[in-house]
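The values are calculated or read from the model by the stated rules, or taken from the named source; none is laboratory data. Remember, predicted model here, so these are calculated numbers, not experimental data. When we count neighbours, we look across all protein chains shown, and the Cβ atoms used for this are built from the backbone with ideal geometry, even at glycine. These accessible areas exclude ligands, DNA and RNA; they are computed on the full protein's heavy atoms, side chains included. Shrake-Rupley method; radii C 1.70, N 1.55, O 1.52, S 1.80 Å.
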Amino acid sequence: MKIVSSHQEIRSLSREWHQAGRTVGLVPTMGALHRGHVSLVEASVRQCSATVVSIFVNPIQFGPEEDLDRYPRDFDGDVEKLRDVGADALFTTTPEEMYPAGFQTYVDPGALGDGLCGASRPGHFRGVATVVTKLLNLVQPHESFFGQKDYQQARILLRMVQDLNLDHRLRILPTVREVDGLAYSSRNQMLTPEQRREAPKLAAALQEVRKAFDRGERRAEQLQDLGRKQLEGSGFRLDYFEVRNDEFLAADALLEDGAVAAAAAFLGKTRLIDNVLLGSAQSRLG
Ligand code: AMP
């Protein structure tokens, strides 16, 4: 596996692969890789003939009070995992190279970026859409791979590819979970043992909402109340627990097949997010 940190080098490597007729897959990450990330890399290795994984903790998607400085980093462990799974290149870059003095052009995802995580993290999705656009331009992949775990991000990026006429296939893969249901996240490492014991309650609350939907409940308010109640008395401090319709994440009173239940909540300083699709929505993604 090649480790590439220069923008020029990743461009020429990708150009070589294109010329050799290889399909290039990109898996953008912020590192501290876990089994969720690995599942995306495996999918790219299966479906593309050259896979680039990027590791870049993107400062412009963090707010001033957020955990940029505490964000977990494990470069050596990441390299080992990527070698094991058969990635062809690891691309790392720096904030100075990505955002040199004078940088001022951003990709604005519009209303899709305003609610849910966007409400408590203003500017977050602008940072995400901008860095993904830059990575797509640098690596020039045919396909890229993202997780359903970040559902709002997935919807924003699918929309962005369409709106900006990007010649690109973006794939969204299912959330990988620990045996107790907790979605893998780099932030799980920041939990104390006691918080780690509480953590699966977020996924469990979402599953209760899914069960109620499967029993026929379609009223958004009832489903949200049910989810919020599940977390009362737990160690979580809720940021939001919401159900939304369709690709625009519409806050309708009645839900349809393809809706999502999504939640964000804090255990101490650590903010966890998770979601479940309602009905037979999975087939509609990516
Ligand atoms: P991050 O490093 O957190 O920016 O995540 C990089 C990519 O991995 C994003 O597309 C995430 O949606 C995806 N991802 C994170 N956690 C999981 C998980 N538990 N299962 C599947 N994909 C995930």
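What whole-number distance in Å separates the alpha-carbon centres of the range 132-159 and the range 82-127?
10
Rounded to the nearest 500, what is the chain's calculated 222 nm mean residue ellipticity when only DSSP H runs of at least 4 contribute -39500 (n - 2.57) each, over all residues?
On the way: 10 runs with 107 residues, N = 286.
For the chain, the value works out to -11000 deg cm²/dmol.
Which of Leu90, Leu173, Val139 sits farthest toward the positive end of the charge dipole of the range 2-173, with +1 on the Cβ of Lys and Arg and -1 on the Cβ of Asp and Glu?
Leu173
Here are some pairs, Lys81/Lys201; Lys81/Lys134; Lys134/Lys269; Lys149/Lys211; Lys211/Lys269; which of them have Cα atoms lying more than 21 Å apart in this structure?
Lys81/Lys201; Lys81/Lys134; Lys134/Lys269; Lys211/Lys269
Please list, by residue number, everything in the range 93-114 whose backbone N is under 17 Å from a paramagnetic label point 7 Å out along Cα→Cβ of Ala251.
110-114, by backbone N distance to the label point.
Using the Cβ atoms and a cut-off under 10 Å, what net charge is assigned to the surroundings of Leu13, where Lys and Arg are +1 and Asp and Glu are -1?
Around Leu13, the charge tally is 0.
How charged is the neighbourhood of Cys48? Take every other residue with its Cβ under 14 Å from the Cβ of Cys48, and add Lys/Arg as +1 and Asp/Glu as -1.
Within the 14 Å Cβ shell, the charges total +1.
On a full-extension model of 0.36 nm per residue, what is the gain between Asp167 and Glu96, subtracting their alpha-carbon distance, rounded to one decimal in nm?
22.8 nm is the gain from fully extending Asp167 to Glu96.
Enumerate by residue number the GluC sites (Glu not before Pro) in the range 38-107 meeting two conditions: DSSP loop (anything except H, G, I, E, B), and at most 13 other Cβ atoms within 10 Å of the site's Cβ.
Glu65
Find out how many positive minus negative residues lie around Gly113, taking Lys and Arg as positive, Asp and Glu as negative, among other residues whose Cβ is under 13 Å from that of Gly113. Spell out each step's value before the answer.
Numbers: positive: Arg121, Arg126, Arg155, Arg159; negative: Asp108, Asp114, Asp150, Asp163.
That works out to 0.
Can you give me the solvent accessible area of Met190 with a 1.4 Å probe, rounded to the nearest 10 Å²?
It works out to around 40 Å².
Let's see if you can work this out: charge +1 on each Lys and Arg Cβ, -1 on each Asp and Glu Cβ, no other charges. What is the dipole magnitude of the chain about its Cα centre, in debye to the nearest 20? Please list the in-between numbers first.
Numbers: 35 positive and 39 negative charges, 71 e Å.
So the magnitude is around 340 debye.
Using a Gaussian network model of the chain whose springs link C-alpha atoms within less than 10 Å, name the residue from Gln19, Gln153, Gln224 with the highest mean-square fluctuation.
Maximum fluctuation in the GNM of the chain, among the listed residues, is at Gln19.
Quote the charge dipole size of the range 188-275 about the Cα centre in Debye, to the nearest 20; the model charges only the Cβ of Lys and Arg (+1) and of Asp and Glu (-1).
480
Can you send over the solvent-accessible area of Tyr240, 1.4 Å probe, protein chains only, in Å² to the nearest 10?
Per-residue accessible area (Tyr240): approximately 20 Å².
For Ser144, which sequence-distant residues (separation of 5 or more, or a different chain) have an amide H within less than 5 Å of its own amide H, given hydrogens modelled in the peptide plane?
Leu26, Arg169, Leu170, Arg171
Under the Karplus relation 6.51 cos²θ - 1.76 cosθ + 1.60, θ = phi - 60°, what is the ordered set of whole-Hz ³J(HN,Hα) values for the range 238-249, x standing for Gly and Pro?
Those phi angles translate into 6, 8, 8, 9, 9, 10, 9, 8, 6, 5, 9, 6 Hz.
Taking Lys2 as the anchor, which aspartates and glutamates have their alpha carbon closer than 18 Å to its alpha carbon, excluding any fewer than eight residues away along the same chain?
Of all the aspartates and glutamates, those that pass the test against Lys2 - Cα under 18 Å, at least 8 places apart if same chain - are Glu16, Glu42, Asp74, Asp76, Asp78, Glu80, Asp84, Asp88.
Using a 1.4 Å probe and ignoring any ligands, DNA or RNA, find the accessible area of His34 and quote it in Å² to the nearest 10.
30
Need the full-extension length gain, Leu238 to Asp114, defined as separation in residues times 0.36 nm minus the C-alpha distance. One decimal, nm.
42.8 nm
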